[in-house]
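Please treat every number below as a calculation from the coordinates, not as lab data. Quick caveat, the model's predicted, so the values are computed rather than measured. Neighbour counts are summed over all protein chains in view; Cβ atoms, including those assigned to glycine, are modelled from backbone coordinates with ideal geometry.
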């Protein structure tokens, strides 16, 4: 998958005002990295007080409402091309409804540090599915990188901190399921995404996912222990749906238009260690040798596979 590399003019390095925009773009990219990294912590805090499926359905619905408000405030209108609503429903089901559900269930059962490093497999999974779909060619080096990352996932699955509490392989496997669903959406939705402006495409996608999860949302709201959910739970849910989803997306694409894609990728590699650090800060997670080795193998495989 190819990214358009901005020119020197578009990155704004030739004049003071351009340099100011360039600095803002890097600050925006840093903010997106922080938002995505902290989003896992927010989800973990939310599922400690709410049922996981209620959390997933509320996250998608609130994110859809947030993006829709931003889109309409900018003068956007909901106009689908003939016959494409079925495609958006299919992509919304796998790319967001299923992936958010698997990820939320996984975070409920595993640690933040495990979830962020397993989630780092997304580029490799996209590469593998794109190769199976005939969109990409895969070299022996990339195959080796994939095997290295899979070895890292195996080590994480075997990681059991002293005391028996903490992450488990079932939670890690659920996060892998979320990664696979999201990668399927990225591969199958590539041509459709290129036909729409980015914000408009994501609005339609989130609305489709919210439509799928609406019956589940209605059911879960009747079971939600409203009196037991503290301000921490509600704030974490709101942060994940708005800042962690809509805010991260807007900051990322603002910077992507002004910074070369190769530099954006560097910030992508910072998300797993930053997310893990936040996990250790907010939760009593144990740092083990097996976790460190598994995380290093996953990140090494991703970096090698994405290297051009």
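Overview of results
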{"read-out": "Evaluated at q = 0.10, 0.11 Å⁻¹: base-10 log I(q)/I(0), Debye formula over Cα of the chain", "value": "-0.57, -0.70"}
{"read-out": "Segment 101-128-segment 33-53 distance, computed between alpha-carbon centres (Å)", "value": "13 Å"}
{"read-out": "Sorted by Cβ density within 10 Å, fewest first, the residues 138, 298", "value": "138, 298"}
{"read-out": "Candidates 250, 281, 216, ranked by Gaussian network fluctuation over the chain, Cα under 10 Å, top entry", "value": "281"}
{"read-out": "Footprinting exposure proxy for 143, 153 (fewest neighbouring C-beta atoms within 10 Å first)", "value": "143, 153"}
{"read-out": "Sequence of 186, 50 once ranked by neighbouring C-beta atoms within 10 Å, starting from the fewest", "value": "186, 50"}
{"read-out": "Estimated [θ] at 222 nm from DSSP helical runs (n ≥ 4, -39500 (n - 2.57)) normalised by residues in the chain, nearest 500", "value": "-24000 deg cm²/dmol"}
